[in-house]
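The values are calculated or read from the model by the stated rules, or taken from the named source; none is laboratory data. Given the structure is predicted, the values throughout are model-derived calculations rather than measurements. As a convention, Cβ positions derive from the backbone with ideal geometry for all residues, glycine included, and neighbour counts pool all protein chains shown. Areas reflect the complete protein model, heavy atoms only, side chains present, ligands, DNA and RNA absent. Shrake-Rupley method; radii C 1.70, N 1.55, O 1.52, S 1.80 Å.
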Amino acid sequence: MRYDNSKLLRDENGTRYLNRIEYPVIPIQDSDITIVGVRGQSFDNLANQYYGNPNLWWIIARANNQNDGSIYTKPGKEYTIPQEIQLIIQRFNELND
């Protein structure tokens, strides 16, 4: 699921590898929602809850500077849930076409 948008490439020796995905910068907006993380809550579950699509987990992770590979929220920590995602998705597509 996390690599669904990755392009499969081959090097000069025929070895296959995944293309690196570039994610846009996500600025804070007045329309963003703030939540408090709870134990066992994942970014893909939040994306499904707020966007109806778990594949958009990266928007929430990127908006909260979660670059450590963690897929779960930390209990008690505040997280931003961007609400105006169409421009974010458009920018993502532009970076990765």
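Observations on the model:
- Sequence-distant residues sharing a close amide H with Ile81 (under 5 Å, placed H): Ile33, Thr34, Ile35
- Alpha-carbon centroid distance for the pair segment 21-48 / segment 62-97, whole angstrom: 5
- The solvent-accessible area of Val25, taken with every protein chain present and a 1.4 Å probe, is close to 120 Å².
- Here Tyr79 sits with roughly 0 square angstrom of accessible surface, probe radius 1.4 Å.
- Shape box of segment 36-97 [Cα atoms, principal axes, largest first, Å]: 36, 23, 16
- Counting Lys and Arg as +1 and Asp and Glu as -1 over every other residue whose Cβ lies under 15 Å from the Cβ of Lys74, the net charge comes to 0.
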